[in-house]
């Protein structure tokens, strides 16, 4: 019964951790992308002839801003499906 | 399905996330046979195709294949020239290699997950086979570390070993010996974070994409409503993933060019 309690505790906290990782990561990434795209729209409105070049840069920066968030999602998936913290109890 | 993974959702996902590991004497020498074979086959196909098209190229009206290859080569050349104002005779072909190869490796994610079971398990009896090489962190680290080694090589080639060490300790804060530790730590962080972020960005995007495909597919196992919604969301995610596959290859290529250009220009 003790072991089951430990297991439940680890899994519950891991679940909360996964939620925080993905949630806060998404928050940061979306705000960052929103700021960048608002600047792009401003720039495009001022100088429409630069739109193709700016658009290429926008996509590049989109990928760079998303990077930390996607890494956090990868780590969260690791915890969701192959939780290394369970090794302390399952043994 | 192997005996260790029960037919539960978690077991299904864990089965599909396992590599075909060939063990060596110590765990360091384990390698993922599926990743190596898939990336080798894709490399041979891509560069063989490009080589054949280039060999049969005409200066007159181009065939459709030649026009397509010219499109890609021009695109990469433009990007390299806009970023790096020196000699691009090495960087541009490197960027082309990285772009086309990474794009095709990412594109293996379009194949259905259980297609590999048909192609590999039934005829050959192999238990595991992951078809997307860039969803293996080893592949992306191999590519990023190669670019890192090239970055250091070009820095030493342009500045000399003495100049490289001087810049390691004196940029960006100044040449005063008091500042040497701070400069060194600054440069160390930069040199470590570049390959790390370069590789993990590509790995994370493709790996997360695969997992979401699997999860959406599993939703269909819960019943009719799950199948309908899972199908709609899978279609939406697949369309978004087409953008991500191309975008991540483009970003990997651009960062390759930027890192090597920065190494050749100095601070």
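Might you let me know whether segment B:220-232 holds any residue that is surrounded by 12 or more Cβ atoms within 10 Å (Cβ to Cβ) and closer than 24 Å to residue B:104 by Cα? No; the residues of segment B:220-232 include none that is surrounded by 12 or more Cβ atoms within 10 Å (Cβ to Cβ) and closer than 24 Å to residue B:104 by Cα.
Scanning segment B:213-236 for residues that are within 14 Å of another protein chain (Cβ to nearest Cβ) and touching a helix residue (DSSP H, G or I) at 6+ places or on another chain (Cβ under 6 Å) yields B:214, B:216, B:218. Scanning segment B:164-207 for residues that are over 30 Å from residue B:131 (Cβ atoms) and touching a residue at least 60 places away in the same chain (Cβ under 8 Å) returns B:167, B:171, B:172. Taken as a whole, the structure places residue A:11 among residues that are farther than 24 Å from residue B:206 by Cα, away from chain B (no Cβ under 11 Å) and either under 23 Å from the mean Cα position of the chain (by Cα) or exposed (fewer than 14 other Cβ atoms within 10 Å of the Cβ) (or both).
On the basis of being at pLDDT 90 or above and surrounded by 13 or more Cβ atoms within 10 Å (Cβ to Cβ), does residue B:44 make the cut?
Values: at pLDDT 90 or above: yes; surrounded by 13 or more Cβ atoms within 10 Å (Cβ to Cβ): no.
Answer is no for this residue.
Here's the yes/no breakdown for (1) under 27 Å from residue B:255 (Cα atoms); (2) touching a helix residue (DSSP H, G or I) at 6+ places or on another chain (Cβ under 7 Å); (3) modelled with pLDDT of 90 or more; (4) surrounded by 12 or more Cβ atoms within 10 Å (Cβ to Cβ):
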| site | (1), (2), (3), (4) |
| --- | --- |
| B:31 | no, no, no, yes |
| B:37 | yes, no, yes, yes |
| B:48 | yes, no, yes, no |
| B:60 | no, no, no, no |
| B:86 | yes, yes, no, no |
| B:89 | yes, no, no, no |
| B:93 | yes, no, yes, yes |
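For the condition under 30 Å from residue B:149 (Cα atoms) and assigned to a helix (DSSP H, G or I), what is the one hit in B:251, B:242? Only one candidate qualifies: B:251.
Suppose we filter B:111, B:126 for residues that are out of contact with any helix residue (DSSP H, G or I) (no Cβ under 7 Å at 6 or more places or on another chain), more than 27 Å from residue B:257 (Cβ to Cβ) and surrounded by fewer than 18 Cβ atoms within 10 Å (Cβ to Cβ); which single one remains?
Working: B:126 fails: out of contact with any helix residue (DSSP H, G or I) (no Cβ under 7 Å at 6 or more places or on another chain).
Being out of contact with any helix residue (DSSP H, G or I) (no Cβ under 7 Å at 6 or more places or on another chain), more than 27 Å from residue B:257 (Cβ to Cβ) and surrounded by fewer than 18 Cβ atoms within 10 Å (Cβ to Cβ) holds for just one of B:111, B:126, which is B:111.
The residues of segment A:79-91 that are in contact with a helix residue (DSSP H, G or I) (Cβ under 8 Å, 6 or more places away or on another chain) and either at the interface with chain B (Cβ under 10 Å from one of its Cβ atoms) or not in a helix (DSSP H, G or I) (or both), listed by number, are A:80, A:81, A:82, A:83.
Among the residues of segment B:206-229, those that are assigned to a helix (DSSP H, G or I) and either over 23 Å from residue B:10 (Cβ atoms) or over 28 Å from the mean Cα position of the chain (by Cα) (or both) comprise B:219, B:220, B:221, B:222, B:224, B:225, B:226, B:227, B:228, B:229.
Would you say residue B:10 is outside any helix (DSSP H, G or I), farther than 22 Å from residue B:150 by Cα and free of Cβ contacts under 8 Å to residues at least 40 places away in the same chain? Walk me through how you get there before you give the answer.
On the way: outside any helix (DSSP H, G or I): no; farther than 22 Å from residue B:150 by Cα: yes; free of Cβ contacts under 8 Å to residues at least 40 places away in the same chain: yes.
Answer is no for this residue.
Only residues that are away from chain B (no Cβ under 13 Å), in a helix (DSSP H, G or I) and either at pLDDT 95 or above or loosely packed, with under 12 Cβ neighbours inside 10 Å (or both) were counted in segment A:45-66, giving 4. Could you list, in sequence order, all residues of segment A:25-50 that are under 23 Å from residue A:80 (Cα atoms) and either more than 16 Å from the chain's Cα centre (by Cα) or touching a residue at least 12 places away in the same chain (Cβ under 8 Å) (or both)? Once the filter is applied, which keeps residues that are under 23 Å from residue A:80 (Cα atoms) and either more than 16 Å from the chain's Cα centre (by Cα) or touching a residue at least 12 places away in the same chain (Cβ under 8 Å) (or both), segment A:25-50 yields A:25, A:26, A:28, A:29. Restricting segment A:51-63 to residues that are without any contact (Cβ under 8 Å) to a residue 24 or more places away in the chain and touching a helix residue (DSSP H, G or I) at 6+ places or on another chain (Cβ under 7 Å) leaves a set whose member that is farthest from residue B:244 (Cα to Cα) is A:51.
Of the residues in segment B:172-193, how many are more than 30 Å from residue B:93 (Cα to Cα) and surrounded by fewer than 15 Cβ atoms within 10 Å (Cβ to Cβ)? Full working, then the answer.
Of segment B:172-193, the ones more than 30 Å from residue B:93 (Cα to Cα) are B:172-186.
Okay, now just the ones that are also surrounded by fewer than 15 Cβ atoms within 10 Å (Cβ to Cβ), so B:172-178, B:181-182, B:184-185.
Count: 11.
Just one of the listed residues (B:164, B:154, B:173) is in contact with a helix residue (DSSP H, G or I) (Cβ under 6 Å, 6 or more places away or on another chain), more than 14 Å from chain A (Cβ to nearest Cβ), at pLDDT below 90 and within 20 Å of residue B:261 (Cα to Cα), namely B:164.
The values are calculated or read from the model by the stated rules, or taken from the named source; none is laboratory data. Bear in mind that the values here come from a model prediction, so they are computed numbers and not experimental data. Every residue, glycine among them, receives a Cβ derived from its backbone with ideal geometry; neighbour counts consider all protein chains shown.
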